[in-house]
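Have a look at the structure below before the remarks.
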Amino acid sequence: PEDGFFGEDIDEYGNKIEPSFVDISVDDNGIITALESSTCRLYQYDQEGNLLTVFGGRGTYRGKFLFPTSVVQDKNGRMYVLDSRMNNIQVFERTKFIETVHHALNLYYDGKYQEAIEPWEEILKVGPNYYVAHKGMGKAYMKQEKWKQSMKSYRLADDREGYSDAFSEYRHSIFRKYFGWIVLAIIGVIVAIIKFVRYLRRLSGQMLRQTKTWKGVI
């Protein structure tokens, strides 16, 4: 995360907690899943530390834990979480939504920026406020030099740094596009100023020649 903080600092009841990560698993594409013991939740992050999803929690029914101690995953994306207090291992499979998120991220980090846009758009149809998708589209548009689309996506992701970078590139592209006209306009202004100064000098000289000095005797 941009603030460098991982996990949550308050529980579901509003009590302050200190996150305590006890295990971590990283897949072949760099997707990170971290197991946190205070909340018994799993936090999944992309290669840049953006939070993708949170699941788990404290409880005794399916999908919850009492004292999770280890997490591993196989090549198919299944996740195995060991709970030492309940003496069991729960298996989690990726939802279609998270599968699409991973697919979009992998395309982007493989340099396939145009191809990454389609899965991001699919994700936004399901979760229109999912900031990771907006941020991903902003990055993809940046790589394609589509500055205005990138600015829009970054704004929806509430990513000020990304928006600033896209705006800076957009401003430079406008300057490059109209650089010739800008130079001609500056030259035109300079020439006009020079001509105006010369005109004022000629006018001043004419007025001095027309001025008559009268001498009288007291």
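The values are calculated or read from the model by the stated rules, or taken from the named source; none is laboratory data. What you see is a predicted model, and the numbers here were worked out from it, not measured in a lab. Every residue, glycine as well, gets a Cβ built from its backbone with ideal geometry; the counts of neighbours run over all protein chains shown. Only protein heavy atoms, including side chains, enter the accessible area calculation; ligands, DNA and RNA are left aside. Shrake-Rupley method; radii C 1.70, N 1.55, O 1.52, S 1.80 Å.
For this structure, a couple of remarks:
- The residues listed here are VAL191, VAL132, VAL197, VAL126; of these, the one that is β-branched (Val, Ile, Thr) and buried (at least 18 other Cβ atoms within 10 Å of the Cβ) is VAL132.
- Qualifying position, being acidic (Asp, Glu) and surrounded by 14 or more Cβ atoms within 10 Å (Cβ to Cβ), among GLU93, GLU99, GLU115: GLU115
- Evaluating LEU105 against the criteria (1) surrounded by 14 or more Cβ atoms within 10 Å (Cβ to Cβ); (2) over 30 Å from GLU145 (Cβ atoms); (3) at pLDDT below 95 leaves one unmet condition, (2).
- Matching option when the condition is under 21 Å from the mean Cα position of the chain (by Cα), under 21 Å from ASN29 (Cβ atoms) and part of a loop (DSSP other than H, G, I, E, B), among GLY136, GLY77, GLY111: GLY111
- Considering only residues in the range 65-74 that are more than 32 Å from the chain's Cα centre (by Cα) and free of Cβ contacts under 8 Å to residues at least 40 places away in the same chain, the one that is least open to solvent (accessible area, probe 1.4 Å) turns out to be PHE65.
- On inspection, GLU18 qualifies as out of contact with any Leu (no Cβ under 9 Å at 6 or more places or on another chain), open to solvent by 10 Å² or more (accessible area, probe 1.4 Å) and either more than 30 Å from TYR108 (Cβ to Cβ) or in a strand (DSSP E or B) (or both).
- The number of residues in the range 139-174 that are open to solvent by less than 30 Å² (accessible area, probe 1.4 Å) and not in a helix (DSSP H, G or I) comes to 2.
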